[in-house]
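What follows is calculated from the coordinates using simple rules that are stated; it is not laboratory data. Predicted, not measured: the structure shown is a model, and the values here were computed from it.
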Amino acid sequence: MANTESPSTELTAQLSSVARALFAAGDVLATLRAVAELATATIDGCDSASIFVATDHPVNEPISTDTVVAEIDILQRASGQGPSFDAIERRLPIYVDDLSDDDRWPEFGSAAAAAGIRCMLVYPL
């Protein structure tokens, strides 16, 4: 029987499985950092990664592999819009080929492009 799952569904399942395994081994922040680092190490074309935590209590420490991505998460929170919010709300992966030319998040998109981030792939975990 052929595998009918899409590559993104398979990747989401794999990342979720890895996150659960890592969580069992340590504290939450260390686990989230490890997941972000694992993404850059294992996903072709993934230069940077972050974990955007949806909670009533903001994470005090940014979970990201570099400062530019941490700034992008701050921009999403400040503007109240962005692919991470949509991925969380819809529980679906969101891909953005060019943030400078995407009208879904006008305030966030232009600010992200100005910061040097043009393409994003967001997976809800």
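Brief remarks on what is shown
- Rounded to whole Hz, the Karplus (6.51, -1.76, 1.60) HN-Hα couplings of the stretch 113-121, x for glycine and proline: 4, 5, 7, x, 9, 10, 10, 9, 10
- Length released on extending from L92 to R77, taking residue separation times 0.36 nm less the Cα-Cα span: 3.5 nm
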